[in-house]
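Have a look at the structure below, then the notes.
Bear in mind that the values in this text are calculations on the coordinates, not laboratory data. Source: prediction; values computed, not measured. When we count neighbours, we look across all protein chains shown, and the Cβ atoms used for this are built from the backbone with ideal geometry, even at glycine.
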Amino acid sequence: MIREPMTFEEAAGRLVDVGRRFDGRGWVLGTSGNFSLVLSDEPLRLAMTPSGAFKGELTPGGIVEVDGAGKPVAGRPARPSAEARLHLEIARLRSAGAVLHTHSVWSTLLSDRHAGAQGLAIEGFEMLKGLAGVSTHAHKEWVPILENDQDMERLAAEVADTLNRHPAAHAFLLRRHGMYTWGDTLQEAIRHVEIMEFLLEAVGRDH
């Protein structure tokens, strides 16, 4: 995939904007959530939010650049999110240009409520047409649910397995944790967050 040319500084500014936008919606309360933008595919480089930061108060200087192993690139301050490995797996397996992780109330509740089924089916909503490649409200979106894990290497392997088993999925949930989604571009990833958060809230309020 051909990426839109973007400097690290440009990517950092865009992630700061996402943090303010999502914080205002209550989707990244406290220091929860993390975001990344792909700077290059070969070698793989991400601009990523730092660990332990309030997403509504991010600054471009606090954004981290990480390599394909999730390690900070020399010369960039701060520590990347502990979940950098998950972002890298998604970027590789979905050829994503951006990966966004939120911790909304509804994604957290539904990830627990439907954990026994290992996923949640959503269908019949007009808003489904906001997901890439979906053209009808009759679409059935399967949202896989994974068990949360503090071992990032093990969880990254579970994420990779899930993405391979569900190639049509636009997002997945971590149980009692939150949602991951992605897009070819940052704008598409933002749209997927907003669509999925709407759908999760609609489903949650209906039960």
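Counting only helical runs of four or more DSSP H residues, what would the 222 nm mean residue ellipticity of the chain come to if each run contributes -39,500 (n - 2.57) and the total is spread over all its residues?
Helix contribution divided over all residues of the chain: -11000 deg cm²/dmol.
Along region 39-45, what does the Karplus equation 6.51 cos²θ - 1.76 cosθ + 1.60 (θ = phi - 60°) give for ³J(HN,Hα), rounded to whole Hz, x for Gly and Pro?
The phi angles translate into 8, 7, 8, 10, x, 5, 9 Hz.
Using alpha-carbon pairs under 8 Å, 6+ residues apart, how would you state the relative contact order of region 1-158 in percent?
On the way: 253 pairs, mean separation 29.7, N = 158.
About 19 percent, as a whole number.
Give, as a single signed number, the net charge of other residues whose beta carbon lies under 11 Å from the beta carbon of Ser51, with Lys and Arg counted +1 and Asp and Glu -1.
0
Compute the relative contact order of region 79-137 as a whole-number percentage, counting only Cα pairs closer than 8 Å that sit 6 or more residues apart in sequence. Show your work: numbers first, answer last.
Working: 20 pairs, mean separation 8.8, N = 59.
Dividing the mean separation by the residue count of region 79-137 yields 15 percent.
What FRET efficiency would be calculated for the residue pair Trp142, Leu29, taking the C-beta separation as r and a Förster radius of 30 Å, to the nearest 0.05?
0.65
Given H placed 1.01 Å from N in the peptide plane, which residues other than close sequence neighbours of Leu29 have an amide H under 5 Å from its amide H?
For Leu29, the qualifying residues are His103.
Where does the charge balance sit around Ala138 when Lys and Arg score +1, Asp and Glu -1, over other residues with C-beta under 12 Å from its C-beta?
So the surrounding residues net to -1.
I want the local charge near Val28. Using Cβ-Cβ distances under 14 Å, sum +1 for each Lys or Arg and -1 for each Asp or Glu among the other residues.
-2
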